[in-house]
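Enquirer: Below you will find the structure I want to go over with you.
The values are calculated or read from the model by the stated rules, or taken from the named source; none is laboratory data. Keep in mind that this is a model prediction, so the values were computed, not measured. All Cβ positions, even for glycine, are placed from backbone atoms using ideal geometry, and neighbour counts span all protein chains on display. To get the accessible areas, we keep the full protein, side chains included, count just its heavy atoms, and leave off ligands, DNA and RNA. Shrake-Rupley method; radii C 1.70, N 1.55, O 1.52, S 1.80 Å.
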Amino acid sequence: SAATAVASSPTSSPSPPPSHGDERRRALPRVLYSDKDVQARRYIKGIMNQLGLSIREDAVGNIFGRWEGSEAGLGAVATGSHVDAIPFSGKYDGVVGVLGALEAIRMLKRSGFQPKRSLEVIMFTSEEPTRFGISCLGSRLMAGSEELARSLKETVDNQNVSFFDAADSAGYKMHPEELHNVFLKKDDYFAFVELHIEQGPILEKEGIKIGVVTAIAAPASIKVEFEGNGGHAGAVLMPARNDAGLAAAELALAVEKHVLESGSIDTVGTVGILQLHPGAINSIPSKSHVEIDVRDIDEKRRNNVIEKVHQSAIEISKNRGVLLSEFKIINQDPPALSDKSVISAMEFAAKQLNLEYKLMISRAYHDSLFMARISPMGMIFIPCYKGYSHKPEEYASPEDMANGVKVLALAMARLSLQ
């Protein structure tokens, strides 16, 4: 059986793949459509070729490697993740889910398994928002985002390079209307399973080998701007000030307050950007810019926090005599639930492999959030060192990666035969 073969099969141990990043700084930036991104794409397609997968790429560079099943007309079982990486990141975020997926296919082929439904590995384009400020760009488009397809026509990076010129430089020359060719239909896939490091400390702390993800929290991103009067730090007396910087600081504390008031550990809020103008030590801030991330697996609870933050912003502006010149919700994606059938397949795989597992949620964004709009979805987590991610110290052990690959292979095999 596939279970016996996978359980007894070691994952192969080739020499470490090239990082296609910057080893000197222990950081691995692979920014969308950059030379390093193109090199990584070439490497992934090379492995797909070695495995005998049929390869296709869509207009924005999502890469698909398919192992045809005996009933190829049925919806396929897909897996995959991303290999783009933010500056000063680690080696495992996303990459484990792509190389691990390819290794899972290798294991199943080596075991003699014959899929009924086709199995497909996807390398998603630009899960990270590094270059154009858009997270999960490839999977959003695959899920049919008309809004994104429209906005990309006007999108430029911080060097004023347009999205289409950047794509062209990487070999993806397209007309804006071709973005609609990236959209998928709901019946294109039977299921999608993503392997990923936890990006949190729970599995390592509890000594549990596998996380079976039941839901993915989705963030809402908010941009806020206050305008005050500014002035000389020594000349303007305290009672006469309209300090836009203090308004921003007070709002940051209000975010924390409203998140904690939700009463749920699954509600989190972060003020990740706080900028002051003119930014001089001896000048009272006349303008402030704040960007806020609020996320939860419960959409209603998250949106309630956002509304409270908005009300606080209005009250702060009145009390401090500053203008609330902008309160804009940039995105407000709904959370996603894993499908019961996919959860069942992941649990089955862990049990067959005698690996202790834990049902848990993901508080981080993943391409799976958008694949859930196309097909039943699930995620497999493996432990990572101290929960570190998006930093050079990010690490997952070979043993934990091997466990994740085996669970993925067996879960995909089970879903393929349904």
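Enquirer: Which one of 223, 185, 205 is under 29 Å from residue 75 (Cβ atoms) and out of contact with any Phe, Trp or Tyr (no Cβ under 6 Å at 6 or more places or on another chain)?
Expert: Being under 29 Å from residue 75 (Cβ atoms) and out of contact with any Phe, Trp or Tyr (no Cβ under 6 Å at 6 or more places or on another chain) holds for just one of 223, 185, 205, which is 185.
Enquirer: Give the residue, chosen from 186, 173, 153, 209, that is free of Cβ contacts under 8 Å to residues at least 40 places away in the same chain, within 30 Å of residue 118 (Cα to Cα), in the same structural domain as residue 104 (by the TED database) and among the charged types (D, E, K, R).
Expert: So the residue among 186, 173, 153, 209 that is free of Cβ contacts under 8 Å to residues at least 40 places away in the same chain, within 30 Å of residue 118 (Cα to Cα), in the same structural domain as residue 104 (by the TED database) and among the charged types (D, E, K, R) is 173.
Enquirer: Let me ask another. Given the criteria open to solvent by less than 50 Å² (accessible area, probe 1.4 Å) and assigned by the TED database to the domain that holds residue 127, does residue 292 qualify?
Expert: no
Enquirer: Need a quick list: strands (runs of 3 or more DSSP E) entirely within region 210-305 having at least 1 residues that are under 33 Å from the mean Cα position of the chain (by Cα) and over 30 Å from residue 397 (Cα atoms).
Expert: 218-227, 268-277, 287-296
Enquirer: Do we have any residue at all in region 123-131 that's without any contact (Cβ under 8 Å) to a residue 12 or more places away in the chain and of a type outside the set (Gly, Ala, Ser)?
Expert: Checking region 123-131: at least one residue is without any contact (Cβ under 8 Å) to a residue 12 or more places away in the chain and of a type outside the set (Gly, Ala, Ser).
Enquirer: Of 286, 312, 262, which residue is in contact (Cβ under 8 Å) with a residue 40 or more places away in the chain, buried (at least 17 other Cβ atoms within 10 Å of the Cβ) and within 30 Å of residue 212 (Cβ to Cβ)?
Expert: 262 is the lone residue from the list that is in contact (Cβ under 8 Å) with a residue 40 or more places away in the chain, buried (at least 17 other Cβ atoms within 10 Å of the Cβ) and within 30 Å of residue 212 (Cβ to Cβ).
Enquirer: Which of (1) touching a Gly at 6+ places or on another chain (Cβ under 8 Å); (2) more than 21 Å from residue 343 (Cβ to Cβ) is the odd one out, the single condition residue 191 does not satisfy?
Expert: Among (1) touching a Gly at 6+ places or on another chain (Cβ under 8 Å); (2) more than 21 Å from residue 343 (Cβ to Cβ), residue 191 violates only (2).
Enquirer: Filter region 265-283 down to residues that are open to solvent by less than 70 Å² (accessible area, probe 1.4 Å) and hydrophobic (A, V, I, L, M, F, W, C), then give me how many there are.
Expert: 4
Enquirer: Please determine whether any residue of region 361-370 is among the acidic types (Asp, Glu) and either modelled with pLDDT under 95 or open to solvent by 10 Å² or more (accessible area, probe 1.4 Å) (or both).
Expert: No, that holds for no residue.
Enquirer: In region 212-259, what residues are under 30 Å from residue 379 (Cβ atoms), free of Cβ contacts under 8 Å to residues at least 60 places away in the same chain and either among the hydrophobic types (A, V, I, L, M, F, W, C) or in the same structural domain as residue 358 (by the TED database) (or both)?
Expert: Residues satisfying the conditions are 255, 259.
Enquirer: Now for a separate question. Surrounded by fewer than 21 Cβ atoms within 10 Å (Cβ to Cβ) and farther than 28 Å from residue 156 by Cα: which single residue out of 73, 65 fits that description?
Expert: The conditions single out 73.
Enquirer: Moving to a separate point now. Of everything in region 97-127, what is more than 25 Å from the chain's Cα centre (by Cα) and among the aromatic types (Phe, Trp, Tyr)? Give them in sequence order.
Expert: Within region 97-127, just 113 meets the criteria.
Enquirer: How many residues does region 358-395 hold that are among the small types (Gly, Ala, Ser), within 22 Å of residue 121 (Cβ to Cβ) and more than 15 Å from the chain's Cα centre (by Cα)?
Expert: Residues meeting the conditions: 1.
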